[in-house]
1. Once both axes come from the Cα atoms, what is the angle between helix 18-34 and the longest principal axis of the chain, in degrees from 0 to 90, rounded to 10?
2. Using a basic spin-label model with each label point 7 Å from the Cα along Cα→Cβ, how many nm lie between Ile66 and Trp42?
3. Give me the percent relative contact order of the chain, please, defined on Cα pairs under 8 angstrom at least 6 residues apart.
4. If you compute Cα extents along the principal axes in Å for the structure shown, which of (1) 46, 28, 25; (2) 59, 41, 27; (3) 35, 34, 24 do you land on?
5. Please order Phe92, Phe33 by the number of other Cβ within 10 Å, starting at the fewest.
6. What is the spin-label model distance, in nm, from Val84 to Asn12 if the labels are put 7 Å beyond Cα along the C-beta direction?
7. To test your reading of the geometry: what angle, between 0 and 90 degrees and rounded to tens, separates the Cα axis of helix 59-68 from the longest principal axis of the chain?
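Every number in this text was worked out from the coordinates using simple rules, so none of it is lab data. In this text, all values refer to a predicted model and were calculated from it rather than measured experimentally. Please note: Cβ atoms are built from the backbone with ideal geometry, for glycine as well, and neighbour counts cover all protein chains shown.
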Amino acid sequence: MIYLLDVKIDYNLAGDGLAALLPLEWEQTRALFESGRLLGIWRKANAKGVIAIWNMPSHEAVTEQIRKMPLYPYMSEIEVVPLVAHPKYPQFCEPPAAARTSPK
């Protein structure tokens, strides 16, 4: 299922540890993308978080993955919205073929 994630991240709370956490977060994000579970990600213009589209097998998998993210302790206002196909444009709710067939 496709999910929209809207997450506020308070980077200031990480303090001096932010420099160590960011590479870990980026590595986790890269792995999600390469496995086809991350379809897109955008940084909010106010630099207070991200919007992402995830392709996950279940609500439980989304929750589990969010909690695995290195910046999770600094996330707030986490909104997860399951997306369903629009009747006129169902193709937009399907992951790209490469993501559907990814062996990872």
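1. The angle comes out near 10 degrees.
2. Result for the modelled spin labels: 1.9 nm.
3. Relative CO of the chain lands at 44 percent.
4. (1)
5. Fewest-to-most Cβ neighbours within 10 Å comes out as Phe92, Phe33.
6. Result for the modelled spin labels: 4.1 nm.
7. Helix 59-68 sits at roughly 30 degrees to that axis.
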